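Novice: Starting off with a structure, shown below.
The values are calculated or read from the model by the stated rules, or taken from the named source; none is laboratory data. This is a predicted model, so every value here is computed, not measured. Please note: Cβ atoms are built from the backbone with ideal geometry, for glycine as well, and neighbour counts cover all protein chains shown.
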Amino acid sequence: MSSPEEPTKTAEFLQMFHKQKDFMEELLKENERLRYRIASLQAPGASPAGDDRTVELNRRIRELEEKLAEMEARYKRVEEENKEFADRYIEIEEQNNNLANLYVASYQLHSTLDYREVVRIVQEIVINLIGAEAFHLFMVSEKTGHLELETSEGQVAPVQVIERGQGPIGKAANSGENFFAEQVAFREPTPFDEPIAVIPLKIKDSVIGVISIHKLLVQKTAFTTMDYELFTLLAGHAATAIFSAKLYSTSERKLTTLQGFLDMLKGPTK
C-alpha cells in the first residue's frame, strides 16, 4: 500500500516541474529579445560603435541557447520521470484493489458453515471477480470417487457424473493441476468437453472438486495476474470452506438423527 508521505512527495515534484517550465519560458523570451536587439544593431544605418555590443549580444545569445538546450534536456528527463511515477502509482492502486478483492473473497468463503451458502459464494467469486459467464462446479463423490455435478452457470451440463481421468475435466481432477486453453475469448460457451480452464479444488494433495470454465464475459479477452491469484485462492480456500461446510452439514444431520433416535427410545413423557 502507498505510504502517507507519497502525496507530499507528489506535490513537491509537481511544484518543481512547474518552476522549471516557467524558467524555460523566460529563457525563450530573453533569447527572442536579444535577437531583436541584434537585428536592430545590424540594420542598415546602424553605427559602427555598435559592433562590440553586437559581439557581446551574440555571446549572450549563445550562452542562453546552451542553457535552453540544457533545460530542454532536463525537462524531457522530468517528463519521463513524471510518466514513470504516474505508471507506478496506477500499478500500486491496482495492486491495492486486487489485495482488497482477495481479502473480501477469502473472508466471504470462511464466513459461514452453511454448505449451500459456501457454494453460492464460490459462484459469486467466479462470476464477479474472475469474470466467468459459463462454468460448472463438480464435487468428488465420497462413495464412488467420481466427479458429480454440484451446480452450473450459463450452460447446461450434458452429464451429471464424470469419471476421474475422463476428458480435460477428469484429467485435471486426477493430476490436481490447473488446465488453461491457449485461446480463452469466445462469443459463445465452448463445448462441455473443451473448457477454457479447469481449476481443481484441493486440500493439500487431495482433490475434492473442480471448476470448469467455458466462457468469459465479452470484455474479458485473457486471464490476468489477478485471475491466477484468484485461481490459487479457489484451489485452496474454496476447497477448505466447501469441505468444512460439508462436514458440518453431515454432522448436523447425524446429530439430529441421533437426537431423534434418543427421543424415540425415551418414549413419550408423562
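Novice: For residues in the stretch 185-207 being buried (at least 19 other Cβ atoms within 10 Å of the Cβ) and among the aliphatic types (A, V, I, L, M), which is farthest from Ile125 (Cα to Cα)?
Specialist: Here the residue is Val207.
Novice: Might you check whether a residue that is assigned to a strand (DSSP E or B), modelled with pLDDT of 90 or more and farther than 16 Å from Pro189 by Cα occurs anywhere in the stretch 163-171? Walk me through how you get there before you give the answer.
Specialist: In the first step, residues of the stretch 163-171 are kept if they are assigned to a strand (DSSP E or B); the result is none.
No, the conditions are met nowhere in the stretch 163-171.
Novice: Something else: Determine the pairs where a residue that is under 16 Å from Ile130 (Cα atoms), located within the stretch 93-113, has a partner that is assigned to a helix (DSSP H, G or I) and of a type outside the set (A, V, I, L, M) with Cβ atoms under 7 Å apart, the partner being 6 or more residues away or on another chain.
Specialist: From residues that are under 16 Å from Ile130 (Cα atoms), the pairs are Asn98/Glu229; Leu102/Glu229; Ser106/His237; Leu109/His237.
Novice: Have a look at Glu91, Glu84, Glu63 and point out the one that is over 26 Å from Thr225 (Cα atoms) and exposed (fewer than 13 other Cβ atoms within 10 Å of the Cβ). So that I can check it myself, show each step before the final result.
Specialist: Values: Glu91 fails: over 26 Å from Thr225 (Cα atoms); Glu84 fails: over 26 Å from Thr225 (Cα atoms).
Sole residue among the options that is over 26 Å from Thr225 (Cα atoms) and exposed (fewer than 13 other Cβ atoms within 10 Å of the Cβ): Glu63.
Novice: Additional query: Phe186: aromatic (Phe, Trp, Tyr), part of a loop (DSSP other than H, G, I, E, B), closer than 20 Å to Gln219 by Cβ and out of contact with any Asp or Glu (no Cβ under 8 Å at 6 or more places or on another chain), yes or no?
Specialist: Values: aromatic (Phe, Trp, Tyr): yes; part of a loop (DSSP other than H, G, I, E, B): yes; closer than 20 Å to Gln219 by Cβ: yes; out of contact with any Asp or Glu (no Cβ under 8 Å at 6 or more places or on another chain): yes.
It is true that Phe186 is aromatic (Phe, Trp, Tyr), part of a loop (DSSP other than H, G, I, E, B), closer than 20 Å to Gln219 by Cβ and out of contact with any Asp or Glu (no Cβ under 8 Å at 6 or more places or on another chain).
Novice: I would also like to ask the following. Given the conditions (1) within 16 Å of Asp227 (Cα to Cα); (2) among the aromatic types (Phe, Trp, Tyr); (3) at pLDDT 85 or above, report the number of the one that Tyr103 does not fulfil.
Specialist: Only one criterion is unmet by Tyr103, namely (3).
Novice: Filter the stretch 112-166 down to the residues that are closer than 21 Å to Ile203 by Cβ and hydroxyl-bearing (Ser, Thr, Tyr) and list them by number.
Specialist: Thr112, Tyr115, Ser141, Thr144, Thr151
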